[in-house]
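Following: one structure in structure tokens, then a few remarks.
The values are calculated or read from the model by the stated rules, or taken from the named source; none is laboratory data. Because the structure is predicted, anything quoted here is derived from the model rather than measured. All Cβ positions, even for glycine, are placed from backbone atoms using ideal geometry, and neighbour counts span all protein chains on display.
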């Protein structure tokens with residue numbers, strides 16, 4: 001028998017972790033910006049930034065990112081399971097895809113977004129109703145910045161790996177800075193998505209109207 005599970009605790013954890021990622025995006029973005037202004041790029045990177053060891057900051061950022069991904073996917077899967085209770089017939093993929101869809105090469109460019117849309121529709125009061133104009137703007141905005149950030153970060157990593165001249169390092173750092181900017185926006189939008197979907201499901205489960213905006 002399908003039962004609803006409260007997503008609020010997981011949602012709070014995800015929001016805190018996303019806020020931490022946002023802080024690192026800003027901090028490391030400032031480091032790239034300083035390098036562009038000072039001309040200390042790539043091969044001449046200082047070992048510290050704002051009094052902190054740079055490599056420790058990178059390690060902390062990666063660890064936090066990995067933890068955020070794990071908790072986010074657990075939260076995402078829980079919401080997908082709840083969606084099965086309300087509108088299982090409208091879900092385009094089984095709950096397992098809410099986990100596996102993130103790890104399929106190329107497919108992870110659209111599968112998680114499609115599942116998020118299915119969850120959204122199941123979580124509103126009329127799952128079968130037509131989408132209102134602009135209703136999916138929040139999900140679409142989050143997804144666009146997430147994908148764009150990942151692509152730009154991939155490009156900047158390749159550029160750093162192939163950089164040989166000061167000009168190469170400048171270009172790579174500019175891409176890196178753009179990646180941190182996109183990641184920061186994606187983190188803010190992800191927080192809004194988590195809060196909104198969690199609120200919708202809580203409201204529907206308890207009969208509270210309306211869900212928090």
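What the table below lists for this structure:
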| item | result |
| --- | --- |
| Sole residue being surrounded by fewer than 17 Cβ atoms within 10 Å (Cβ to Cβ) and either closer than 18 Å to residue 69 by Cα or free of Cβ contacts under 8 Å to residues at least 60 places away in the same chain (or both), chosen from 178, 137 | 137 |
| Condition met for residue 21 (part of a helix (DSSP H, G or I), touching a helix residue (DSSP H, G or I) at 6+ places or on another chain (Cβ under 8 Å) and at pLDDT below 85) | no |
| Identity of the residue in the range 24-35, out of contact with any strand residue (DSSP E or B) (no Cβ under 9 Å at 6 or more places or on another chain) and surrounded by fewer than 17 Cβ atoms within 10 Å (Cβ to Cβ), that ends up modelled with the highest pLDDT | 26 |
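For (1) part of a helix (DSSP H, G or I); (2) more than 30 Å from residue 127 (Cβ to Cβ); (3) modelled with pLDDT of 85 or more, each residue gets a yes or a no:
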| residue | (1), (2), (3) |
| --- | --- |
| 1 | no, no, no |
| 13 | yes, no, yes |
| 37 | yes, yes, no |
| 55 | yes, yes, no |
| 73 | yes, no, yes |
| 83 | yes, no, yes |
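Per-residue answers, yes or no, for (1) crowded, with 16+ Cβ neighbours inside 10 Å; (2) within 17 Å of the chain's Cα centre (by Cα); (3) under 30 Å from residue 26 (Cβ atoms); (4) at pLDDT below 95:
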{"site": "104", "(1), (2), (3), (4)": "no, yes, no, no"}
{"site": "116", "(1), (2), (3), (4)": "yes, yes, yes, no"}
{"site": "145", "(1), (2), (3), (4)": "yes, yes, yes, no"}
{"site": "161", "(1), (2), (3), (4)": "no, no, yes, yes"}
